[in-house]
Each structure stands twice: as structure tokens, then as C-alpha cells.
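Please treat every number below as a calculation from the coordinates, not as lab data. Computed from a prediction, not measured in an experiment: that's the story for all the values here. Note that we place each Cβ from the backbone using ideal geometry, even for glycine, and neighbour counts take in every protein chain shown.
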Amino acid sequence: MKAEEISTGILKALGIIIGICLLLFFLYEIQSVIAYVIIAAVIALIGRPAVIFLRQRLHFPNTIAVISVLLLVLSAFAGLIYVFVPIIIEQSRNLGQIDIEAFKSDLNDLNDQINSYLGVTEINIIEGLERSEFVQSFDLSLIPEFLNNVFSILGATLVAVFSVLFISFFFLKDSKLMLHSILVFANRGEEQKFQRVFNKIKILLSRYFVGLTMQIIVLFILYSILLSVFEVNNPIAIAFICAFLNLIPYLGPLVAGILMALFVISSNLGADFSTIILPRVIYVMLGYGICQLIDNFISQPMIFGASVRSHPLEIFLIILIAGLLFGIIGMVVAVPFYTALKVVAKETLSEYKIVKRLTRDL
């Protein structure tokens, strides 16, 4: 091999490496735009059945059907703001009017009752808080900076909502827009295979995200009823937070259960521990367990079985591996990513026995 050919090869390799680095840097810089596109794609997959229903059953024009679905999404977002913003304002006002000494007294009373009920050595909660590093190092000058960050987040949120809705409109209006974007990566003569894979993935993921939305709605209704029965403060907001946490497989329900128990305790702070707080926590946790059983044995089999067509053990192992490798984000995206990977494998690697076994139901 001539020295000129070697130097040319080295230069090409360096050019490729530099090009990849520049591409990764560019993708990092526009990560917010990529996130908007992904969220818009998910909204399009969820809204696709509704658009088809309005267009075919109610004979809506395509544009009107798309606008109707996006208005429904926007209404849901506005509903969340309507629920949460008054609660945040109310709690902020309450924090400004709180009697610190009375709050300390309530905490100490609760601490004494718990120690007496469990028969453990007394531990003073207030002293523990005062000795904590957070309380000792707290700087009041951070409050203005915190408020500036809140307003910055609010502005970024408005931009994000507008961007996502704008992109979602075109994804829903032109169902082939995403397909045409994918086809630019296909080799000549393989367009049909790409289109077949894309359509299969779109159908499966649409079913999955619709099922996931229904799961959250069902849990939200059940949690709202449960918390309202036991007179927990702000039951709608707490129910939504706990239902939304179920998006994180296995870990989310555990965190939601702990949060629900803490909210029950905070709603009854100052009451007797053994006769009021403990029984209510037990009853709410029993109700929460029943809700989880309904979710595990009814909702989830419908989602994972009918939509992504994967065995529950298969899903569990994929979520576990994704969680170990990529943390919570990996657990959330594991199922849709694995579903897309299975469809691609069926079309490209169907000659292998393990691929045939894993994709036999697709």
C-alpha cells in the first residue's frame, strides 16, 4: 500500500470522526427541539385513533378533526394548570401565614405519639431538622434567584407547549409526514420494506400509548375517589401525581404509595396518631393496593398483551435491563423502543430462530 493511500485513508477516518463529533455536538445543542419532536410524535400516535374516528365516523374534514383533537389536548393541559396553580398559590399563602411554633408543637406531638406507639427511644424531629446541613446552610438570598428560575421555567414551558402543538398539528394532519422523513434514510429499492416497518411500528406504538393514557386515567379516577373518601387535602392533584408516576414501571407505584401515605399524614397533622392517623394510613394503603391489583391484572395485560404483543416476563426483563443501563428514563422508554426493535428485527433478521421466536406474535 502506497504512502499516499495510507495518508488518504487516515484523513478520511479523521474526517469521519470529526463529522460524527460535530453531529453529536449539534444534536446536543438542539436537544430541546428533539424533545419537542418526540413529544409531538407521541401526541400524534395517541391522537391518531381519535382523528380517524372523527374523520371516518363523524365525517369531519381532516383539518377540523386534527384541530379538535389538539384542542382536546390543550384543554387537558389547561385543566392541569387550573387544578395545580390555585393549589400552589394557596400553599404559598399558607406558608406565609403558618405559625412556626404551632407547627413545631404538632410535629413533636406526632413524634411523641409514634415513639409511644412503637415503643422506641425518643427521637426529636425538630432537633434533627435544626441540626441538618440543609437548614444550617440555608441562605435567604437564594429566594430571588429561585423566583427568577421559576419565571424562566414558566417562559420555557409556554414555548415548549406552543412548539409541541405546532409540530403535532402537522404530524396529525399529514399522516405520511413522519414516513417521508424516515424514507430519506432508505436505500433505493428498500422503500417498501421501510414503509412496512414504519406502519407496523406506528400501529403498535399508537395502541401502546393510547393504552397507557387509559391506564393513567383509570388510576387517576380510582385514586381521586380513594383520597376524597378519606378527606385528604387536594385529592385531585395528589391523584394525578400518583397516577402519572405509574409511567415509571415497578418503581413508580412504590414512590406513589409512599407519597400518598405522606400526604395522608400531613392532612391529619395534629390529630391522634393511634386512633386517627395510623388507621387512615392503613385504609388508604389498602385502597391503594386494590387499585394496583386492578392495574396489574386488568390494565397492564391489556396494554402489554394487546398493544406491544410481548410476554410479561419478557417486558419485565427488558425494563430491568434498561433501568440498570440508563436509569429511570431507560425504564420509561424501554417498552416502546423494544417494540420498534422487534419489528425491525422481524423484517431484517427473520432467518434467525431466536428472532422468529420473539416476533412470532407480531
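Read phi for every residue in region 332-342 and hand back ³J(HN,Hα) as whole Hz from Karplus 6.51 cos²θ - 1.76 cosθ + 1.60, θ = phi - 60°, with x for Gly and Pro.
For region 332-342, the Karplus-derived couplings read 5, 8, 4, 5, x, 5, 5, 4, 4, 5, 5 Hz, x marking Gly and Pro.
Report ³J(HN,Hα) in whole Hz for each residue of region 313-319, in order, from the Karplus equation J = 6.51 cos²θ - 1.76 cosθ + 1.60 where θ = phi - 60°; Gly and Pro get x.
Computed from phi, the couplings for region 313-319 are 5, 4, 5, 4, 5, 5, 5 Hz.
Among K173/K202; K12/K200; K12/K193, which pairs are too far apart, with a Cα-Cα distance over 26 Å?
Result: K12/K200; K12/K193 exceed 26 Å.
Modelling each spin label as a point 7 Å along the Cα-to-Cβ direction, I'd like the L254/I34 distance in nm, to one decimal.
Distance between the two pseudo-spin positions: 3.0 nm.
Work out, step by step, the length gained on full extension between K12 and E347: first 0.36 nm times the residue separation, then minus their alpha carbon distance; give nm to one decimal.
Gain in length upon complete extension: 117.3 nm.
Along Cα→Cβ, 7 Å out, is where each label goes; now give me the distance between the ones at A261 and F297 in nm to one decimal.
It works out to 2.3 nm between the two label points.
Can you list the HN-Hα couplings for region 201-206, worked out from phi with the Karplus curve (6.51, -1.76, 1.60; θ = phi - 60°), rounded to whole Hz and with x for Gly and Pro?
In residue order, the calculated couplings are 4, 4, 5, 5, 5, 4 Hz.
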